[in-house]
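Coordinate-derived values only; no laboratory data. Please read these numbers as outputs of a predicted model, since none were measured by experiment. As a convention, Cβ positions derive from the backbone with ideal geometry for all residues, glycine included, and neighbour counts pool all protein chains shown.
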Amino acid sequence: MTNNDAERALRHWVIARRIGMGTRTDEGTRAFANLASVIETCRKRGRSPWHYLAEVIRQRRQGLQAPPLPLPAHH
């Protein structure tokens, strides 16, 4: 077994971070990593990361908890 799929999924995030000159704080690094993880998870599950993130923002603005990550599309 290898981790090639995981490494390939992260490659464009590493390039984006390099092009963007990295992050300036530990908090920024965590935010970047969390967003990358959420976006990749949604994509792998066949769901729109943008719709999910919009719903997270909407619910958090109302003082509600963020919704769980969406289930894979075939469910």
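So what's the net charge close to residue 53: Lys and Arg +1, Asp and Glu -1, counting the other residues with Cβ under 13 Å from its Cβ?
Net local charge, residue 53 excluded: +3.
Normalised by the number of residues in segment 29-75, the mean separation of alpha-carbon contacts (under 8 Å, six or more apart) gives a relative contact order of 35 percent.
Using packing as a proxy for protection, rank 23-29, 35-41 so that the peptide with the highest average count of other Cβ atoms within 10 Å comes first.
35-41, 23-29
Neighbours of residue 67, meaning other residues whose beta-carbon lies under 15 angstrom from its beta-carbon, give a summed charge of +4 when Lys and Arg score +1 and Asp and Glu score -1.
Straightening the chain between residue 41 and residue 66 buys 7.4 nm, computed as 0.36 nm per residue apart minus the Cα-Cα spacing.
Between residue 24 and residue 8, residue separation times 0.36 nm minus the direct Cα-Cα distance comes to 3.3 nm.
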